Amino acid sequence: MILMNFKHKIERKKDPFPANAPVRVKNSYYTFSKEYPAAKVIKTKHVKSKRERVFSFLRAALAALCFVAVVCVSFFAVSLGLKFSNKPLLPADSDFAGESAKVGESLFSSDSMKALYMPYNLLSSRKELSSFIKKIDRRDCNSVVIDFKTENGKLVYSSQTDLAKQGKCAVFDNETVKSALSLFKAKSINIVARFFCFEDETASVAEPSYAVKYKDTQVLWHENISEGTGKTWLNPYSTGAVNYLLDLIKEISSMGVSGFILESVSYPGGDLSTAGFPGEKNESTRAQTLLDFVQKAKQTLPEGCFLLLSMNADSTTSENAALSYADSLLASEADGICLNTAVRPENYIADKKSNYASMLSLFTLFRQKQKDGSVFVPLISMDEYSRKYIRVLEKSGYASFLLFDENGDY
């Protein structure tokens with residue numbers, strides 16, 4: 001009897017949850033509960049009926065059919081849109097694809113350009129950009145002007161052109177520029193590209209065949225070398241130089257800019273007695289060469305993107321007129337001019353309270369020489385009189401202006 005009891009105890013230890021033992025049913029169990037059902041878990045497999053298998057097959061077939069239909073409809077819609085769209089397609093590798101300005105939405109067709117100039121170095125700082133946008137709001141302006149191509153030939157973005165890569169012209173990568181421009185677009189601020197043309201030391205050194213040379217030599221000509229500046233220029237007669245500039249204008253126009261202000265559409269300043277322009281046939285073609293370039297630049301831009309030529313206020317009244325051919329350019333294919341009042345003739349002092357009338361008379365002189373319908377935008381240097389100067393302009397019928405400070409302090 002003792003042996004049997006001992007045998008039963010051993011069996012109970014081996015099987016703590018015997019099959020015939022009663023199980024207490026509870027709504028919930030706890031890990032340390034005596035009734036925790038940890039003994040055996042019996043898994044059963046559900047066998048689908050024939051009807052269930054048929055319905056499963058039909059659901060899978062219907063899902064596949066819907067997917068094919070969505071793909072077909074999307075492909076048809078995209079194809080139809082591309083077929084009837086008049087908007088030119090950008091290259092697939094463009095970092096700014098889809099950023100083009102909308103067709104027919106010229107800034108001057110419905111509004112005036114009230115702009116602040118912004119130094120391009122601010123593009124890399126989101127904090128500085130946000131601060132500058134507040135300045136635009138405080139000045140009640142609707143546009144910002146940025147140097148996309150600087151006076152030494154540097155570019156604020158990474159161009160795909162071979163010469164720009166060769167000359168290492170890029171200041172920022174395209175992601176930095178695209179992110180910065182998106183802040184202005186989010187605030188509905190028009191972006192205007194300031195673009196230096198033939199004044200380009202970087203490209204002329206990288207590709208000497210495009211540059212102005214000393215007469216009858218292959219040596220690069222330097223502007224004002226006797227004064228120590230020694231800057232080289234691109235040759236307006238060079239087909240390669242012109243095509244390079246046009247390619248850059250086309251690239252920048254794909255970034256969603258509203259327009260361009262072209263600087264240095266001219267020949268170098270200073271003494272040109274030693275300068276040679278390979279490709280030049282006679283002296284009388286210099287003005288026409290510049291006019292041809294402006295016409296090609298205008299044709300390069302998409303519809304609605306405006307083109308202004310920058311001129312100094314002394315262009316028609318001093319010896320600089322012979323170098324810039326200002327009178328001829330006033331009748332060019334450009335949409336108008338941006339007149340720099342900081343470089344002005346003697347007796348015209350725009351920044352003094354008592355001389356607004358003399359500056360307005362100078363503006364009238366330029367307006368009379370412009371073709372009908374041309375845009376006129378005065379560039380005003382920022383100083384203590386700027387606010388009153390702008391009020392005088394607006395009262396006199398000049399709705400547009402560009403307020404300029406080299407450091408962006410407004």
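Got a sec? Which of LEU245, LEU272 is open to solvent by less than 10 Å² (accessible area, probe 1.4 Å), touching a residue at least 24 places away in the same chain (Cβ under 8 Å), not charged (D, E, K, R) and not in a strand (DSSP E or B)?
LEU245
Consider VAL144 carefully, then state whether it is outside any helix (DSSP H, G or I) and over 25 Å from PHE293 (Cβ atoms).
Judged against the criteria, VAL144 is a match.
Which of the residues belonging to segment 214-242 are assigned to a loop (DSSP other than H, G, I, E, B) and free of Cβ contacts under 8 Å to residues at least 12 places away in the same chain?
GLN218, VAL219, HIS222, GLY228, THR229, GLY230, listed by residue number.
Residue under question is ALA180, and the condition is that it be farther than 30 Å from PHE277 by Cα, in contact with a helix residue (DSSP H, G or I) (Cβ under 8 Å, 6 or more places away or on another chain) and buried (at least 19 other Cβ atoms within 10 Å of the Cβ); does it hold?
yes
Please list, ordered by first then second residue, the pairs with beta carbon atoms under 8 Å, 6 or more apart or interchain, first in segment 377-392 and free of Cβ contacts under 8 Å to residues at least 60 places away in the same chain, second open to solvent by 30 Å² or more (accessible area, probe 1.4 Å) and among the hydroxyl-bearing types (Ser, Thr, Tyr).
Qualifying pairs under 8 Å: MET382/TYR410.
Helices (runs of 4 or more DSSP H) wholly in segment 158-213 with at least 2 residues that are more than 22 Å from SER264 (Cβ to Cβ), free of Cβ contacts under 8 Å to residues at least 40 places away in the same chain and small (Gly, Ala, Ser) - which ones?
In segment 158-213, the matching helices (runs of 4 or more DSSP H) lie at 174-186.
With respect to ASN243, is the statement that it is more than 30 Å from LEU129 (Cβ to Cβ) and in contact with a strand residue (DSSP E or B) (Cβ under 8 Å, 6 or more places away or on another chain) true?
Against the criterion (more than 30 Å from LEU129 (Cβ to Cβ) and in contact with a strand residue (DSSP E or B) (Cβ under 8 Å, 6 or more places away or on another chain)), ASN243 does not qualify.
Only one residue in ALA342, ALA334, ALA350, ALA399 is at pLDDT 90 or above, among the hydrophobic types (A, V, I, L, M, F, W, C), part of a loop (DSSP other than H, G, I, E, B) and under 24 Å from ASP147 (Cβ atoms). Which one?
Going through ALA342, ALA334, ALA350, ALA399 in turn, the sole match is ALA334.
Kindly check whether there is at least one residue in segment 287-308 that is in a helix (DSSP H, G or I) and modelled with pLDDT under 80.
Among the residues of segment 287-308, not one is in a helix (DSSP H, G or I) and modelled with pLDDT under 80, which makes the answer no.
For segment 276-286, which positions are modelled with pLDDT of 90 or more, surrounded by fewer than 19 Cβ atoms within 10 Å (Cβ to Cβ) and not charged (D, E, K, R)?
Residues satisfying the conditions are GLY276, PRO278, GLY279.
Confirm whether VAL205 is under 30 Å from LYS114 (Cα atoms) and open to solvent by 10 Å² or more (accessible area, probe 1.4 Å).
For VAL205, the condition - under 30 Å from LYS114 (Cα atoms) and open to solvent by 10 Å² or more (accessible area, probe 1.4 Å) - is not met.
Would you pick out the residues in segment 214-242 that are under 16 Å from SER264 (Cα atoms) and open to solvent by less than 30 Å² (accessible area, probe 1.4 Å)?
Scanning segment 214-242 gives GLU223, THR232, TRP233, LEU234, ASN235, PRO236, SER238, ALA241, VAL242.
Regarding GLU175, is this residue open to solvent by 60 Å² or more (accessible area, probe 1.4 Å), in contact with a Phe, Trp or Tyr (Cβ under 7 Å, 6 or more places away or on another chain) and within 30 Å of SER124 (Cβ to Cβ)?
Spelling it out, it is not the case that GLU175 is open to solvent by 60 Å² or more (accessible area, probe 1.4 Å), in contact with a Phe, Trp or Tyr (Cβ under 7 Å, 6 or more places away or on another chain) and within 30 Å of SER124 (Cβ to Cβ).
The values are calculated or read from the model by the stated rules, or taken from the named source; none is laboratory data. The structure presented is a predicted model; accordingly, all values stated were derived computationally and were not measured. In this analysis, Cβ positions are derived from the backbone assuming ideal geometry, glycine residues included, and neighbour counts consider all displayed protein chains. The area values use the complete protein model at the heavy-atom level, side chains included, leaving out ligands, DNA and RNA. Shrake-Rupley method; radii C 1.70, N 1.55, O 1.52, S 1.80 Å.
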